[in-house]
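Below is one structure, written out as structure tokens; the observations come after it.
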Amino acid sequence: MGLYDRDYTRADYRPQFSNMPQMRFALPRITPVVKWLLIINFAVFFAGALFFTNNIYMPNLAFTINLLERWCAVFPYSLGSALQLWRLVTYQFLHGHVIHILFNMLGLFFLGPTLERHWGSRKFLIFYLSCGVAGGLFYTLLVALNFLQPLPMIGASGAILGMLAACAILFPHFIVFIMFFPVPIRVAAIGLTIMYLFFVLTRAPNAGGHAAHLAGMAAGAGYVFSRPWRDRFKMKTRSGAWKKKIVDQYNLEAEVDRILQKVHDSGIHSLTTKERRILRKATETEQQRYRP
């Protein structure tokens, strides 16, 4: 049997399993908000490593902290610092070491583009930051209840795990890697939730960070599960606004008809200031309707 007699040399040859799903690995196509979040996170990290290396001693807490963390971390050591709301956003862009930022940015790189394409850039950014804010608020609450010590908290982990929870609900076929092992994303989300809850309840080291992880995941899941309710509320609100607009337009037309009849009967000089204003408003509305 010669080479050109073999099946796979024919132009119309199709492999036996050509209709089976083919496994392939591809990096996600970067999206605009994910790109800028990556740039900002790495820029802040390197700026901190270059320009904010000097630590400040805080005698009331008996430890040192650098200036960037002093003013940008979630650090509810007093009522005043707990009320500095900008910290709930800025802490998400601070990272303590290379491994910290590397793992968080890998999560953003692999999960973020899918959600940004699914929701759009604006909604994705709001979602991402909101998950991080939820983590900071929950940690602050636990400190206020004297369940945890007031220590500076930094990192985007709350937002990243919020994305993980959202993807676990929306895209259950995803596979993620935990310690280099492939795991179904829903299994990973459930396992991480149990682990973080255990760490928080036992007040393990970095319990505050794990509390932020839990809150971020809860916020991510809550956002997805509440979507139908929020969509119905928006539809109802828009429907009510449209009905009000129709009623207002009907009332305006009826009032204009009355005023025009008055002009016909008594002349334009008989109109009051209010009636002249109504006519002017009706004219402007009509001009806007037919403006090219």
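Where a ≥ b ≥ c are the square roots of the eigenvalues of the C-alpha gyration tensor, would you call the stretch 124-244 rounded, which needs a/c under 1.5, or, failing that, prolate if a/b is larger than b/c, or oblate? Write out the running numbers ahead of the final one.
Values: a/c = 2.78, a/b = 1.42, b/c = 1.95.
The shape class here is oblate.
First select every other residue whose beta carbon is under 10 angstrom from the beta carbon of ASN55; then total the charges, Lys and Arg +1, Asp and Glu -1. Before the final figure, lay out the partial values.
Numbers: positive: ARG70; negative: GLU69.
Residues near ASN55 contribute 0 overall.
Could you pull out every residue, at least 5 positions away or on a different chain, whose amide H is within less than 5 Å of the one on ASN66? Hs are placed 1.01 Å off N in the peptide plane, and Pro or chain starts have none.
When sequence neighbours closer than 5 places are left aside, the close amide H contacts are ILE56.
Simple spin-label model, 7 Å along Cα-to-Cβ: ASP265 to PHE147 in nm?
Here the answer is 7.2 nm between the modelled labels.
Please rank PHE180, PHE42, fewest neighbouring Cβ atoms within 10 Å first, as an exposure proxy. Write out the running numbers ahead of the final one.
On the way: PHE180 5, PHE42 15.
Listed from fewest to most nearby Cβ atoms, that is PHE180, PHE42.
Can you list residues whose amide H is under 5 Å from VAL176's amide H, if they're 5+ apart or on another chain and H is modeled 1.01 Å from N?
Answer set, sorted by chain and number: VAL183, ILE185.
Give me Rg over Rh for the stretch 62-111, both radii from the alpha carbons and Rh done the Kirkwood way, two decimal places. If you can, show how the numbers build up before the last one.
Working: Rg = 12.9 Å, Rh = 12.2 Å.
Using Cα coordinates only, the ratio equals 1.06.
At 7 Å along the Cα-to-beta-carbon direction for both ARG227 and TRP36, put a label point, then send me their distance in nm to one decimal.
2.3
Search the structure for amide H atoms under 5 Å from the amide H of VAL74, placed 1.01 Å from N in the peptide plane, and list their residues when 5 or more places away or on another chain.
The answer is TYR91, MET153.
Averaging sequence separations of C-alpha pairs under 8 Å and six or more residues apart, then dividing by the length of the stretch 32-225, give the relative contact order as a whole percent. Kindly include the intermediate steps, with their values, before the conclusion.
Working: 275 pairs, mean separation 44.7, N = 194.
It comes to 23 percent, rounded to a whole number.
Tell me, what HN-Hα J-couplings in whole Hz come from the Karplus equation 6.51 cos²θ - 1.76 cosθ + 1.60 at θ = phi - 60° for each residue of the stretch 115-130, using x for Gly and Pro?
Result, rounded to whole Hz: 5, 5, 5, 6, 9, x, 5, 5, 5, 5, 4, 4, 4, 4, 5, 5.
Quick one: Karplus J couplings for the stretch 69-80, per residue in order, coefficients 6.51, -1.76, 1.60, θ = phi - 60°, nearest Hz, x for Gly and Pro?
Result, rounded to whole Hz: 5, 4, 10, 10, 7, 6, 9, x, 7, 8, 4, x.
Go through the stretch 93-104 residue by residue and turn each phi into a ³J(HN,Hα) via Karplus (6.51, -1.76, 1.60, θ = phi - 60°); whole Hz please, and just put x for glycine and proline.
Per residue, the Karplus-derived 3J(HN,Hα) values read 9, 9, 9, x, 7, 4, 4, 4, 6, 4, 5, 5 Hz.
FYI, it's all coordinate maths here, none of it is from the lab. No experiment lies behind these values; they were computed from the predicted model shown. As a convention, Cβ positions derive from the backbone with ideal geometry for all residues, glycine included, and neighbour counts pool all protein chains shown.
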